[in-house]
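The block underneath contains the structure these notes are about, expressed in structure tokens.
Each reported figure results from applying straightforward, stated rules to the coordinates on display, with no laboratory input. These figures come from a predicted structure and were not determined experimentally. Note that we place each Cβ from the backbone using ideal geometry, even for glycine, and neighbour counts take in every protein chain shown.
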Amino acid sequence: MNPIRACTGAVYSAAACFVFSAIAACAASAGGAGREDAGARIRYRFEPGKAQTYKAEFSQEFEVKGYSFYTLIDFEYTEQCTESLNDTLFTVEISLSDVSAQMKRNDELMDIGLDADMKDQVFIFKINKNGMRTGLSARRYMEDEKEVLDIMKVILGGLYPYLPDSALGPGSEWEFSGDTSADLKTNLDIDSKSTFKVGGIKKEKNRECLLISSDEEHYISGRVENPSGSFVMEGEGTGTGEFYFDAGSGSVIKLKTESTADITMIDASGSAAAERETYESHFVYTMKKELK
């Protein structure tokens, strides 16, 4: 199989699954409590009708067999709560604007059509007071809906780090771990572990914020199917994050995350083992956001 065709098709399905695990571990379904220091209980707060606007940037570098792929998505989004259930579960809409999306293969600019799909689109999901997100839908029809929704799951997974039901203050630590593959409906096993720590209190945007850092480990194995073929994948990676959480508004007003991974992809589409190629790949993922 042509490596360009294989990797172009896999970058948003196969590799994206690992990216998702690298930033969604903070919203995993199973976790463990951590050390609790003196502090206050903090939580996400969303007030129906209240909106906040952010600038954000998503990037991914992907290298395999002498080819490099670089994706950059710059956008602004407005986050607004439309429904609150007992002030613990919220329906949230994210409206995208000023979207600029590009992908390069080596030095060649490729049109991936994300600008048209994402600009002025509204994405709807539910999130609870701890940052656990469920469901994702788009208000407007998109031709490549599954691919765009998978990218948005990757992005949203990094915007809301998990907050435990305990008092948090400088020095507080907690861990979360679990299989984060369910949200992408993939056959891959994606096991992740994240350690969070409150480093202190720092002023940002004229607000007193908890500065939360994260260190992550991720492991992936299994098979994925996409239009480019069938791939058996195995890999591991690490990640770090820095989040400014404003307890007053119950929101992360600034963040930066970075993850790296090395993944082996075996082309399992051939009829015989001799026909199967192995692709050693490496990628770097970054996510940034900041309140306007």
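The figures follow:
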{"read-out": "Neighbour-count ranking [beta-carbon atoms within 10 angstrom, fewest first] of R133, R105", "value": "R105, R133"}
{"read-out": "Residue order, fewest to most surrounding Cβ atoms within 10 angstrom, among M265, M152", "value": "M152, M265"}
{"read-out": "Distance violations [Cα-Cα > 21 Å] among K153/K202; K146/K254; K202/K288; K202/K289; K50/K202", "value": "K153/K202; K146/K254; K50/K202"}
{"read-out": "Under the Debye formula (equal points on every Cα, no solvent term), log10 I(q)/I(0) of segment 192-245 at q = 0.20, 0.27, 0.28, 0.31 Å⁻¹", "value": "-0.74, -0.98, -1.00, -1.08"}
{"read-out": "Fully extended contour minus Cα-Cα distance, from K126 to D262, at 0.36 nm per residue", "value": "45.7 nm"}
{"read-out": "Per-residue HN-Hα couplings for segment 163-176 [Karplus 6.51, -1.76, 1.60; θ = phi - 60°; Hz; x = Gly/Pro]", "value": "10, x, 7, 8, 5, 10, x, x, x, 5, 9, 8, 10, 9"}
{"read-out": "Computed P(r) (all Cα pairs; segment 71-159; 10 Å bins; percent)", "value": "15, 47, 27, 9, 2, 0"}
